[in-house]
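Only one structure is covered here, and it is reproduced in the block below.
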Amino acid sequence: MKRAIFSGSLRPLFHARAIISGEIHDPFVAGNILESLLCADPSAHSQARVLLSSFTRRSAFMYNTVLHAYLCNDLPAYALPLFLEMLRHDSTPNKHTFPLLLKAFAHIRLLTSGSTLHSMILKHGLISDPFIHASLIHFYVSLGFFGAAHCAMDENPSPPVSAWTALLSGYAKSGDLIAARKLFDEMPEKNSVSWSAMISGCVQSQLPCEALSLFQEMLATKMAPSSSVIVSILIAMAELGALQEGKWVHALLERNQMFLSSNLKTSLIHMYIKCGDLWSAKQMFEKLRDESVDLWNAMIGGLGLHGRGREALQMFDEMIGEGIRPDDMTFVGLLSACSHSGMVDEGQKCFKSMRILYSIEPKVEHYSCMVDLLGKAGLVWEAVETIKMMPMEPDERIWGSLFGACRVYGEMGLGEAVGKKLVSMEPNEPGLYVLLANLYALAGRWQDAVGVRKMMKSRGVGLEPGCSLIEVDGVVHEFLVADRAHLWVGDIFDKLSEMARVLRAEGCVA
DNA sequence: CTAGGGTTAG
């Protein structure tokens, strides 16, 4: 909604004058009054609804305007009743009505109502409208009805890019990157949104390398990278630890003088943090900091990740000082910062304050951090007490960190129970069997350790080799478990033993 | 006459 004809404090005056003059019976005038109301206060949907009922002659525009307000206020369930009333009344839906309804029905997953819209669209001959077609494809795809989406594609002799993009993105979200890529290659033309959908699909499916090469391809076609592509590609670079590439993107943003939205700033900071360049992250943050919670969360979490718990707490205080309201993610960052830095008291204080001072209910993630914090500090039984206090079912991560604590602090009995629970929760996760077997081995119970290995084999659970990536001077190096294939393997192992010696000399016990 | 689409959020 842009700006309406009757704006500001004059709106009620216009409304009153229209009533007196009788102009209120002109649907165009009345429609504008309705729109002006929602323009002045987008949350005034109930008021708008009452106003709409007060009009004797109602236009499609009026209904569309109220539908739009429902969507903006995240009330898609209100759309169907309004649409039914629209049909009962004198108004015929027009080409603007269908995209709004399809969006609402996709949201609340009304398959049958959506397919009714589909037939209405065909009957009205509106299928070739690019907006409608894209919305229709998006509707089917978001409910997982790919067959229906393809049928709808065939009904339009030349589907718009947006429809192709919706279909592609549907496959990408369902995890079928092969199908997504096939559509991407087949589509007659691509715009920056199509590239964005394809690239973010790769990132979402943990294929950062593919995302990166697509990004290169995109630049080669002279397509200007949109900020949503940049957000996705920075996540991919963060994932890969590709600092040089990340810096290059940062330079690209500055060279093109692109607007740095809070999202973009946050992705940049996240990239620097994940690539280990905390200094640049901090530098950027100080230069570009704004009111966005996400931005502060990224920085607080990043400091914690690098073991700088004190600074994370300081940054939190600073954030509160700036009058920025923390959210649940802020506390995930803070609690994990405390956990990484072994700050038990501070963590407990933080956990208590989130509900009392900031009225944020702790979620599973927060309990998870607390269990981790207590377990890492050797307070295994306090961790158990925390789990008992949880109002929700503990997840695998929580049992996993309790298990880790049991192993480190020699709580064999509890550890065995938790390990078995974990294996039963996720019987297809090879890592869990290995952990349990290692626990038995640690306790000298070799027979049991072998038993777990056998169970793994009989259930057909295979172990994939672990892998890590590191970037040095602009080259990404990949290492698998027990990998000795690297060109400089000798130098690398020399360095590792030197580091181990230094750590031992400093009193660190692995 | 006014308004409606496909991507995104670490």
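The values are calculated or read from the model by the stated rules, or taken from the named source; none is laboratory data. All values derive from a computational prediction rather than experimental measurement. So basically every Cβ, Gly included, is an ideal-geometry build from the backbone, and we count neighbours across all protein chains shown. Accessible surface areas use protein heavy atoms only, side chains included; no ligands, DNA or RNA. Shrake-Rupley method; radii C 1.70, N 1.55, O 1.52, S 1.80 Å.
Where helices (runs of 4 or more DSSP H) sit wholly within segment A:400-501, those with at least 1 residues that are modelled with pLDDT under 85 occupy A:430-442, A:446-458.
Conditions tested, residue by residue: (1) over 16 Å from A:Lys103 (Cβ atoms); (2) not aromatic (Phe, Trp, Tyr).
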| residue | (1), (2) |
| --- | --- |
| A:Ser128 | yes, yes |
| A:Phe131 | no, no |
| A:His138 | no, yes |
| A:Gly147 | yes, yes |
| A:Asn156 | yes, yes |
| A:Pro159 | yes, yes |
| A:Trp164 | yes, no |
| A:Ser174 | yes, yes |
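Inside segment A:101-116, residues that are away from DNA strand B (no atom under 14 Å from the Cβ) and touching a Ser or Thr at 6+ places or on another chain (Cβ under 6 Å) make up a count of 0.
What tally of residues in segment A:293-320 results from selecting those that are farther than 19 Å from A:Leu373 by Cβ, β-branched (Val, Ile, Thr) and either within 16 Å of DNA strand B (Cβ to nearest atom) or touching a residue at least 60 places away in the same chain (Cβ under 8 Å) (or both)?
If we filter segment A:293-320 for residues that are farther than 19 Å from A:Leu373 by Cβ, which is where we start, we get A:293-296, A:298-299, A:317-320.
Next cut, β-branched (Val, Ile, Thr) only: A:293, A:320.
From what's left, either within 16 Å of DNA strand B (Cβ to nearest atom) or touching a residue at least 60 places away in the same chain (Cβ under 8 Å) (or both): A:293.
Residues flagged as farther than 19 Å from A:Leu373 by Cβ, β-branched (Val, Ile, Thr) and either within 16 Å of DNA strand B (Cβ to nearest atom) or touching a residue at least 60 places away in the same chain (Cβ under 8 Å) (or both) within segment A:293-320 amount to 1.
Does segment A:208-223 contain at least one residue that is within 14 Å of DNA strand B (Cβ to nearest atom), over 28 Å from A:Leu288 (Cβ atoms) and either open to solvent by less than 80 Å² (accessible area, probe 1.4 Å) or outside any helix (DSSP H, G or I) (or both)? No, there is no match, as no residue in segment A:208-223 is within 14 Å of DNA strand B (Cβ to nearest atom), over 28 Å from A:Leu288 (Cβ atoms) and either open to solvent by less than 80 Å² (accessible area, probe 1.4 Å) or outside any helix (DSSP H, G or I) (or both).
Being within 15 Å of DNA strand B (Cβ to nearest atom), over 15 Å from A:Phe351 (Cα atoms), assigned to a loop (DSSP other than H, G, I, E, B) and under 23 Å from the mean Cα position of the chain (by Cα) is a description that applies to A:Asp290. Just one of the numbered conditions (1) in contact with a Pro (Cβ under 8 Å, 6 or more places away or on another chain); (2) modelled with pLDDT under 95 is not true of A:Tyr63: (2). Within segment A:1-40, the residues that satisfy the criterion of being modelled with pLDDT under 90 and either hydroxyl-bearing (Ser, Thr, Tyr) or not in a helix (DSSP H, G or I) (or both) are A:Met1, A:Lys2, A:Arg3, A:Ala4, A:Ile5, A:Phe6, A:Ser7, A:Ser9, A:Ser21, A:Gly22, A:Asp26. When A:Val332, A:Val344 are screened for being more than 25 Å from the chain's Cα centre (by Cα), at pLDDT 95 or above and hydrophobic (A, V, I, L, M, F, W, C), only A:Val344 passes. In the set (1) within 12 Å of DNA strand B (Cβ to nearest atom); (2) more than 17 Å from A:His124 (Cβ to Cβ); (3) in a helix (DSSP H, G or I), the condition left unmet by A:Phe98 is number (2).
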